[in-house]
Amino acid sequence: MNLPVDTDELTKRYGEQLAVDRMKLTVLPGEIYGFLGPNGAGKTTTLRMLLGLVRPTSGSVRLFGRPPGDLDGVGALIESPGFYPYLSGSDNLKVLARYSGTDPLRVGEVLAMVDLADRGKDRYSTYSLGMKQRLGVAAALLKDPRLLILDEPTNGLDPAGMADMRVLIRRLGAEGCTVLLSSHLLGEVQQICDRVGVVSRGRLVAENTVAELRGGTVLHIESDEIVRAAGLVRRWIGAENVRESGTGLDLTVAPERASWLNRELVTEGIAVRELHVRERDLEQVFFELTGEVAGHVG
Amino acid sequence: MWGSCTAELAKLVRRPANWFMLGIAIVLGLTFTYLLPLAGAAGSSSGAPGTDRGLAATLPSNLVGNAIGGLPVFLGAILLVLGVLAVGTEYGWSTWKTVLTQGPSRLTVYSGKLFALAVASLTVVVASFATGAVTSALIASSEGEPMNWPSFGSLLTGIGAGWLIAMTWATLGAALAIAMRGVALPIGLGLVWLLVVQNLLFGVAAPLVDWVGTLQLALPGANAGSLAASLGASGATPGVGELVSASQATLVVAGYLVVFAGLGGWLLRRRDVL
């Protein structure tokens, strides 16, 4: 089967710096795939290689079984949108429609899809950041693509615009369009993606459904002596299973060990203020997989 | 392919800066070719270039030489800027990725740009002929001089030669923009080459140093100047002088056009679009 996206050992090196490291990425037909990673992880470089804008150092790329550069049925918005400032939004799209051989009537449709129909005649240079971003998405939709590659499409949008964009992406997915969505916004990915690939330092470190990535539950502990409690718990269940979370600790441990843990802490003279089982969120998984600190991601 | 050509043409036509440059080219051409000689004939002794050419130089019989005389240097500079803008702003505005993700190959887009530049170059040359024709007809009628127009064949040859020179400079601009991925540096370096280095070689160094004189015979400016001179452009115009035969000049200028176009396409195809 010709997958919408299929890469094998995809690598990009800039001198000594390894931007993308043997990436094996597959996107299935009709799914919304979240490409998740912190800034500088190699997401955009990977997407540029998919589209033939950047040549891989090694490895292969196939979109619908075709080599990069053959973008029939593929629409994309990569990083910030780029348009001609002296043209209106509508004229920008009409020029792009000439390149792709798209019917100019489609321009009005895509402007309406991104809620820019009433500003289409205005010069692009007068657009706000959010409007520019929406025009970028409109350009990506121009060819009525079977595969839509969106790199941080909600950048610059206000909360309402972000919500609208998520609705649009979900609707496109429901209509059968395959979407590859790159983002560093965990909530966004969690809300709309069927499957997620987590990239860190150029490598795909995990690829699964959001539910499976989140996996099981964690045991959350709150105590007035959290530093001493952390040291003890790390010794008992292993440091890799203990993570600071707010003012408490998240422990990757079976829920039935909660009473044992409570008893041991109390025996050590540590009063436990709160102890409950909770589901892991994607952010936690992300931090575990990438080793990033919380401040790096939204 | 045709889609890329019409897209590039649409961008070129709708860009106000291009019309501004066409206006500048026409005003410069008319000033140096007609206004200064007329001022000289009327008794002005400012010493500005062209004031000593006399009234006869402005009459319709000299239309071909007058229309293409500016192309080796100052009109060439405007066409170089036009070429840089057509390609270089795609880097500045980050529009290469937007265009290329619509599907056309890099060479298809590049070919479309060269097509649009060819149309722009022809427009500048034809505008130069048209405004020159009107101006010289007005001068002839006001001075009671005969209107001896060049033959149709001479006009076609002149337009063709002018188009070749104009396209070569525009393509040099495009190639420089791709090589330097922008606008400012290619325009700066291109103009320094066209207006300073070439003129120094042509006017100062070549008469004094033998090998410089030989070297300049292989450069595009000297050959463009020779081609213009062979069709009647005044030797008093900067950059114009019959240094090589018309056929050799044509071949060398055409060769540079091919080299500039090929170099730009090769670089664009080879490099990553960042």
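The values are calculated or read from the model by the stated rules, or taken from the named source; none is laboratory data. All values derive from a computational prediction rather than experimental measurement. Heads up, the Cβs are rebuilt from the backbone with ideal geometry, glycines too, and the neighbour counts pull from every protein chain shown.
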Inset, instruction - State yes or no: is residue A:219 touching a residue at least 40 places away in the same chain (Cβ under 8 Å), buried (at least 16 other Cβ atoms within 10 Å of the Cβ), more than 30 Å from residue A:22 (Cα to Cα) and more than 18 Å from the chain's Cα centre (by Cα)? - result: yes
Inset, instruction - Please work out which residue is nearest to the other protein chains (Cβ to nearest Cβ), limiting yourself to segment A:99-139 and to residues that are farther than 16 Å from residue A:153 by Cβ and part of a loop (DSSP other than H, G, I, E, B). - result: A:101
Inset, instruction - Would you be able to say whether some residue in segment A:62-76 is of a type outside the set (Gly, Ala, Ser), within 24 Å of residue A:40 (Cα to Cα) and touching a Ser or Thr at 6+ places or on another chain (Cβ under 8 Å)? - result: yes
Legend entry - In segment A:1-56, the residues that are more than 14 Å from chain B (Cβ to nearest Cβ) and basic (Lys, Arg): A:22, A:24, A:43
Legend entry - Residue satisfying condition, being closer than 25 Å to residue A:21 by Cα and of a type in the set (S, T, N, Q), within set A:247, A:209, A:252, A:267: A:209
Inset, instruction - Exactly one condition in (1) aliphatic (A, V, I, L, M); (2) surrounded by fewer than 22 Cβ atoms within 10 Å (Cβ to Cβ); (3) part of a loop (DSSP other than H, G, I, E, B) is not met by residue A:53; state its number. - result: (2)
Inset, instruction - Go through segment A:1-42 and tell me which strands (runs of 3 or more DSSP E), entirely inside it, have 1 or more residues that are surrounded by fewer than 16 Cβ atoms within 10 Å (Cβ to Cβ). - result: A:5-14, A:17-23
Inset, instruction - Go through segment B:8-36 residue by residue and tally those that are of a type in the set (Phe, Trp, Tyr) and facing another protein chain (nearest Cβ under 9 Å). - result: 0
Inset, instruction - Test residue B:61 against the stated conditions and say whether it is closer than 25 Å to residue B:249 by Cα, modelled with pLDDT under 95, surrounded by fewer than 21 Cβ atoms within 10 Å (Cβ to Cβ) and of a type outside the set (Asp, Glu). - result: yes
Inset, instruction - Go through (1) surrounded by 21 or more Cβ atoms within 10 Å (Cβ to Cβ); (2) within 13 Å of chain B (Cβ to nearest Cβ); (3) charged (D, E, K, R); (4) more than 19 Å from residue B:6 (Cα to Cα) and name the single condition residue A:143 misses. - result: (4)
Legend entry - Scan of segment A:151-175 for residues that are among the aliphatic types (A, V, I, L, M) and surrounded by 15 or more Cβ atoms within 10 Å (Cβ to Cβ), ordered by number: A:157, A:162, A:165, A:168, A:169, A:172
Legend entry - Single condition residue A:263 does not satisfy, out of (1) at pLDDT 85 or above; (2) assigned by TED's automatic domain parsing to the domain that holds residue A:144: (2)
Inset, instruction - Being part of a helix (DSSP H, G or I), in contact with a strand residue (DSSP E or B) (Cβ under 7 Å, 6 or more places away or on another chain) and buried (at least 22 other Cβ atoms within 10 Å of the Cβ) narrows it down to one of A:96, A:47, so name that one. - result: A:47
Legend entry - Total residues in segment A:57-91, condition facing another protein chain (nearest Cβ under 10 Å) and assigned to a loop (DSSP other than H, G, I, E, B): 15
Inset, instruction - Give, as residue ranges, the helices (runs of 4 or more DSSP H) completely inside segment A:140-222 that count at least 2 residues that are within 30 Å of residue A:275 (Cα to Cα) and of a type outside the set (Asp, Glu). - result: A:186-192, A:210-214
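Results for (1) within 12 Å of another protein chain (Cβ to nearest Cβ); (2) in contact with a Ser or Thr (Cβ under 6 Å, 6 or more places away or on another chain); (3) small (Gly, Ala, Ser), shown as yes or no for each residue.
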residue	(1), (2), (3)
B:84	no, no, no
B:90	yes, no, no
B:95	yes, no, no
B:98	yes, no, no
B:108	yes, yes, no
B:122	no, no, no
B:127	no, no, yes
B:164	no, no, no
B:174	no, no, yes
